[in-house]
Each structure stands twice: as C-alpha cells, then as structure tokens.
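Colleague: The structure is given below, and queries will be raised subsequently.
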Amino acid sequence: MSTPPARPARTVACPACGGPSLYGPDNPARPFCSARCKQLDLGAWASEQFRVPAQPAAHDVAADDFAAGDSSPGDSRLQ
C-alpha cells in the first residue's frame, strides 16, 4: 500500500490579524500565522471577548427569583 501524495500547503487569511498564513503541517500555529496570533485568540476567548449567542432556556430560574428563606421559585412570574 502506497502513501498518498502530499498535498501542497495553501495560504489562508489568519483569523486574528488577517495576514497570510500557511495552512499545512509545517505551520504548528495553523490556521494562525504565528504563535502570537494563536495566543491572542486564546486570550480573547478566555476573557470572554468572544461569546456564542444563546437564548436562556425557559426553565432557567435566576437566583433573584427565590424569595428570602423560600426554597421554591416565584411561580407567579413564570406564568
């Protein structure tokens, strides 16, 4: 069984800076152009600069929906 021929690496835009980035096995930071851009992107996710939009579920109840000393949520607000 023979090994398939290696595909040439292509150049794509770096998601962080928009500069050219080699997308192939020779670039350990792919799809980023450098380790710096890769770390900046990771830091943005870690500091919540990037967020995935979501709608709260209908059954989620916020902490302030509980009355002081009450163990059940205010059902009148959910109706």
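Colleague: Which of the residues spanning segment 27-55 are acidic (Asp, Glu) and modelled with pLDDT under 95?
Modeller: So the first thing to find is which residues in segment 27-55 are acidic (Asp, Glu), and the list is 41, 48.
Result: 48, single match.
Colleague: OK, next. Given the options 5, 20, name the one that is at pLDDT 70 or above, exposed (fewer than 10 other Cβ atoms within 10 Å of the Cβ) and more than 20 Å from the chain's Cα centre (by Cα). If you could, list the steps in order and put the result at the bottom.
Modeller: Numbers: 20 fails: exposed (fewer than 10 other Cβ atoms within 10 Å of the Cβ).
Step by step, each of 5, 20 is checked, and only 5 is at pLDDT 70 or above, exposed (fewer than 10 other Cβ atoms within 10 Å of the Cβ) and more than 20 Å from the chain's Cα centre (by Cα).
Colleague: Would you please name the residue that is surrounded by the fewest Cβ atoms within 10 Å (Cβ to Cβ), looking only at residues in segment 23-42 that are hydrophobic (A, V, I, L, M, F, W, C) and in a loop (DSSP other than H, G, I, E, B)? Give the steps one after another, and end with the answer.
Modeller: Let us first name the residues in segment 23-42 that are hydrophobic (A, V, I, L, M, F, W, C), namely 29, 32-33, 35, 37, 40, 42.
Applying the additional criterion that residues be in a loop (DSSP other than H, G, I, E, B) yields 29, 32-33.
Working: 29: 17, 32: 23, 33: 23.
Taking the candidates together, the pick is 29.
Colleague: On the basis of being part of a loop (DSSP other than H, G, I, E, B), among the small types (Gly, Ala, Ser) and modelled with pLDDT under 95, does residue 58 make the cut?
Modeller: Numbers: part of a loop (DSSP other than H, G, I, E, B): yes; among the small types (Gly, Ala, Ser): yes; modelled with pLDDT under 95: yes.
Criteria met by residue 58.
The values are calculated or read from the model by the stated rules, or taken from the named source; none is laboratory data. Source: prediction; values computed, not measured. All Cβ positions, even for glycine, are placed from backbone atoms using ideal geometry, and neighbour counts span all protein chains on display.
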